[in-house]
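Engineer: The structure that follows is given in the form of structure tokens.
Rule-based calculations on the coordinates, nothing more; no lab input. Predicted model only: the values in this text are computed from it and were never measured. Ideal geometry is used to build each Cβ from the backbone, glycine not excepted, and the neighbour counts take in all protein chains shown.
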Amino acid sequence: MDIIYTIWLRNMKRYIRSKSRIIGSISMPLFFLLFLGFGLNSVVQLPGLGGNYIVFLIPGMVAMSVLFTSVFSGIQIIWDKQFGFLKETLVAPVSRLEIMLGQTLGGATTAVLQGFMILVLSVFIGLHISSLTGFLIAFMFMALIGISFTAFGIAIASRMEDMTGFQLIMNFVVFPIFGLSGALFPISSLPAWMGPVTLLDPLTYGVEGIRYGLTGVSQVNPLVCFAVIGGFALVMTVLGGFLFRKIKF
Amino acid sequence: MAVAIHIQNLTRRFNDLVAVDNISFDIDHGEIFGLLGPNGAGKTTMLSMLSTMLKPTSGSATINGIDIEKDEDGVRKSIGIVFQDQSLDEELTAWENMDFHGRLYRIPTDIRKQRITELLNLVELEDRKDDIVKTFSGGMRRRLEIARGLLHHPSVLFLDEPTLGLDPQTRNHLWQYIATLAKEKGITIILTTHYMDEADRLCNRIAIIDHGRIIALDTPKNLKDGIGGDVVTIKSSDPGAIVAALTEPWIIRVEKHNDEAIISLQNAEQHISTIVTLLNTQRIPIESIAIHKPTLEDVFLSFTGKTIREEEADHKTNMRMHQRMVRH
């Protein structure tokens with residue numbers, strides 16, 4: 001536990017000091033929220049979902065913020081590799097699993113904090129958090145998305161030598177995961193062939209879970225959401241832990 | 001004296017390249033031991049195996065009696081390492097880097113704080129402890145890394161090219177630290193270097209490594225004495241003729257190396273005029289003459305027939321050819 005805490009602590013210290021990163025990664029979902037939200041609010045009709053597109057979009061943007069921050073946090077291990085710091089950690093008499101878990105929790109925490117900032121800002125553009133329970137449910141789903149995708153980033157980083165493949169991963173893996181998740185549109189309004197595809201995307205369940213917590217309505221049963229994204233977090237952590245163990249010095 | 005490190009038939013292969021070739025030797029407790037050789041000789045591979053980062057292909061080694069393959073964590077607890085490349089977190093302060101290390105090695109909080117202060121004082125970084133490492137110079141970073149390597153009180157400290165890329169003044173400074181450390185803390189230090197002066201100045205004993213093998217192992221003094229007396233280097237357009245001409249009994253050895261003849265002899269000052277006269281009468285051209293006490297460079301040359309720099313150039317060519325073969 002103490003080792004996991006040590007690694008987590010380092011992540012927090014680095015996070016708090018990286019002002020430009022904090023602002024940089026809330027700006028994108030915030031702009032999406034403002035431009036898409038206000039731009040499409042009067043055009044888009046959402047039958048049965050409260051009708052307000054901005055409120056519909058907010059959980060999606062919170063999830064987006066968590067997703068991108070966590071993948072990025074996980075992939076940061078490549079920097080540690082390149083700047084040599086990873087060696088210092090790997091040669092210590094501690095298990096690789098502890099290091100990986102510390103890194104995962106550190107990344108997930110930063111990601112949740114980033115998502116939380118979007119959440120707070122959303123209050124100013126129409127979000128009403130009606131109950132503490134709802135907020136805690138949303139928070140839990142944010143944490144699960146954070147854990148899943150930090151571990152996912154670590155898994156990828158364990159197999160990459162440098163940052164050259166980063167853009168490729170972002171464009172061809174992370175962005176489709178985001179786009180297909182129903183963060184931007186209700187999945188029930190999609191063409192029949194596309195619906196099942198969104199249901200294969202683990203992030204869909206995270207977004208729907210947050211949406212249930214924040215707005216009280218979701219298109220997927222929240223228990224199903226919890227089971228799928230919880231299971232996905234577990235699988236990713238195991239996979240990340242497995243691949244991280246095989247990193248060479 | 002007790003044996004700190006025992007190495008037996010240690011071998012490491014990378015595909016068809018033998019980086020460390022069946023090396024055996026012992027290092028005593030409290031010794032500063034140098035692994036000297038050109039880049040690519042196998043020094044870092046050797047260190048990586050001893051610090052459990054790399055598995056040996058065959059052979060074995062123990063550190064304080066702990067087997068490097070059977071008890072990795074046991075070995076890791078008893079060693080400190082300063083890597084060749086920097087391994088600090090540049091976004092953290094000096095203190096935080098130390099603290100991170102202390103926590104990783106599970107040093108209790110109060111002892112950790114006390115030791116960090118003590119060590120930062122030792123490497124004269126106490127007044128910069130709350131500064132981000134990014135703002136540190138190369139020498140300061142190195143000193144911080146050495147302090148960090150000592151935090152968990154290892155009995156063996158590995159230093160991989162500790163002064164690589166540092167300016168002469170900082171190097172001098174660091175050498176003093178390392179020498180003081182070994183004396184005051186009584187720890188065993190193993191350092192790799194391709195600087196002859198560094199090995200000469202710091203080490204109690206030196207193993208000269210080339211192509212993964214130990215070609216000589218002794219104290220710097222014995223190694224240099226093995227050359228015999230002084231070294232006279234004569235630069236000439238016809239060094240071969242010099243080798244042929246110098247047959248006097250007081251000449252221990254004379255070898256041609258590029259455009260130089262390298263002569264080993266006792267009391268060079270007394271014989272130099274004789275040599276010059278001899279070469280003049282045979283009309284052998286002399287461009288310049290230099291007399292010096294033997295250095296480890298001469299030792300390396302006498303064992304390998306090459307200077308350490310030529311050996312490095314060769315190695316690079318080999319590596320390039322090797323890579324090309326692998327690629328095609």
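Engineer: Shape call for segment A:89-203 from the C-alpha gyration tensor, a ≥ b ≥ c root eigenvalues: rounded (a/c under 1.5), prolate (a/b greater than b/c) or oblate? Don't jump to the answer; show the numbers that get you there.
Structural biologist: On the way: a/c = 2.33, a/b = 1.34, b/c = 1.75.
Oblate, since a/c reaches 1.5 and b/c is not below a/b.
Engineer: Rounded to the nearest 500, what is chain B's calculated 222 nm mean residue ellipticity when only DSSP H runs of at least 4 contribute -39500 (n - 2.57) each, over all residues?
Structural biologist: On the way: 12 runs with 134 residues, N = 328.
Rounded to the nearest 500, the figure is -12500 deg cm²/dmol.
Engineer: Taking the alpha-carbon distance from B:Lys256 and a cut-off under 19 Å, which lysines remain once sequence neighbours fewer than 8 residues away in the same chain are dropped?
Structural biologist: Counting by Cα, and skipping residues close in sequence, B:Lys256 has these lysines nearby: B:Lys235, B:Lys293, B:Lys306.
Engineer: Apply the membrane-span-like helix rule to chain A: whole DSSP H runs, Cα extent along the own long axis of at least 30 Å, mean Kyte-Doolittle hydropathy at least -0.5. List the helices found. Spell out each step's value before the answer.
Structural biologist: Numbers: long enough: A:19-40 (31 Å, 1.45); A:53-75 (33 Å, 1.96); A:96-122 (39 Å, 1.14); A:132-159 (41 Å, 1.86); A:222-245 (34 Å, 1.97).
Span-like helices in chain A: A:19-40, A:53-75, A:96-122, A:132-159, A:222-245.
Engineer: Within a 10 angstrom radius of each residue's Cβ in B:103-112, how many Cβ atoms of other chains show up on average? Whole number is fine.
Structural biologist: Working: counts 9, 13, 4, 6, 0, 0, 0, 0, 0, 0.
Average per residue, whole number: 3.
Engineer: Which pairs in the list A:Lys13/B:Lys77; B:Lys113/B:Lys134; A:Lys13/B:Lys55; A:Lys87/B:Lys185; B:Lys43/B:Lys129 are over 29 Å apart, alpha-carbon to alpha-carbon?
Structural biologist: On the way: A:Lys13/B:Lys77 26 Å; B:Lys113/B:Lys134 22 Å; A:Lys13/B:Lys55 34 Å; A:Lys87/B:Lys185 25 Å; B:Lys43/B:Lys129 33 Å.
From A:Lys13/B:Lys77; B:Lys113/B:Lys134; A:Lys13/B:Lys55; A:Lys87/B:Lys185; B:Lys43/B:Lys129, over 29 Å: A:Lys13/B:Lys55; B:Lys43/B:Lys129.
Engineer: Another question, then. In degrees between 0 and 90, to the nearest 10, how far off the longest principal axis of chain B does helix B:138-150 point, with axes built from Cα atoms?
Structural biologist: Taking the Cα atoms of chain B, the angle to B:138-150 is about 60 degrees.
Engineer: Now, a different point. Averaged over its residues, how many other protein chain Cβ atoms are within 10 Å of peptide A:81-87's Cβ atoms?
Structural biologist: Working: counts 0, 1, 7, 9, 9, 1, 7.
Mean number of neighbouring Cβ atoms from other chains: 5.
Engineer: Which whole-number percent gives the relative contact order of chain B, counting Cα pairs below 8 Å spaced six or more residues apart?
Structural biologist: 19
Engineer: Can you tell me the orientation of helix B:94-104 relative to chain B, as the angle in degrees between its alpha-carbon axis and the longest Cα principal axis, to the nearest 10?
Structural biologist: 70
Engineer: Also: Taking the Cα centre of the protein assembly as shown as origin, sum charge times position over the Cβ atoms of Lys and Arg (+1) and Asp and Glu (-1), and report the length of that vector in debye to the nearest 20.
Structural biologist: Working: 52 positive and 56 negative charges, 336 e Å.
Dipole about the Cα centre, nearest 20: 1620 debye.
Engineer: Counting residues in the protein assembly as shown as N, plug N into 2.2 N^0.38 Å and put the Cα Rg over that result.
Structural biologist: On the way: Rg = 31.7 Å, N = 577, 2.2 N^0.38 = 24.6 Å.
Normalised by 2.2 N^0.38 Å, the Cα Rg of the protein assembly as shown equals 1.29.
Engineer: Projected onto the charge dipole of chain A (+1 at Lys/Arg Cβ, -1 at Asp/Glu Cβ, origin at the Cα centre), which of A:Ser95, A:Leu34, A:Val224 gives the Cα projection farthest towards the positive end?
Structural biologist: A:Ser95
Engineer: Of A:Ala157, A:Thr109, A:Phe83, which is farthest towards the positive pole of chain A's charge dipole, taken about the Cα centre with +1 and -1 on the beta-carbons of Lys, Arg and Asp, Glu respectively?
Structural biologist: The Cα lying farthest towards the positive end belongs to A:Phe83.
Engineer: Could you give the angle, 0 to 90 degrees to the nearest 10, between helix B:168-185's Cα long axis and the longest principal axis of the Cα atoms of chain B?
Structural biologist: Relative to chain B, helix B:168-185 is tipped by roughly 60 degrees.
Engineer: Grab the Cα-Cα distance for A:Asp162 and A:Leu34, subtract it from 0.36 nm times how many residues apart they are, and report the gain in nm with one decimal. Don't skip to the end; give the middle numbers.
Structural biologist: Numbers: separation 128, 0.36 × 128 = 46.08 nm, distance 3.47 nm.
So the chain would gain 42.6 nm between A:Asp162 and A:Leu34.
Engineer: Compute, for chain B, the length of the dipole vector about the Cα centre, with Cβ point charges of +1 (Lys, Arg) and -1 (Asp, Glu) only. Units Debye, rounded to 20.
Structural biologist: Numbers: 38 positive and 48 negative charges, 106 e Å.
Using only the charged Cβ atoms, the result is roughly 520 debye.
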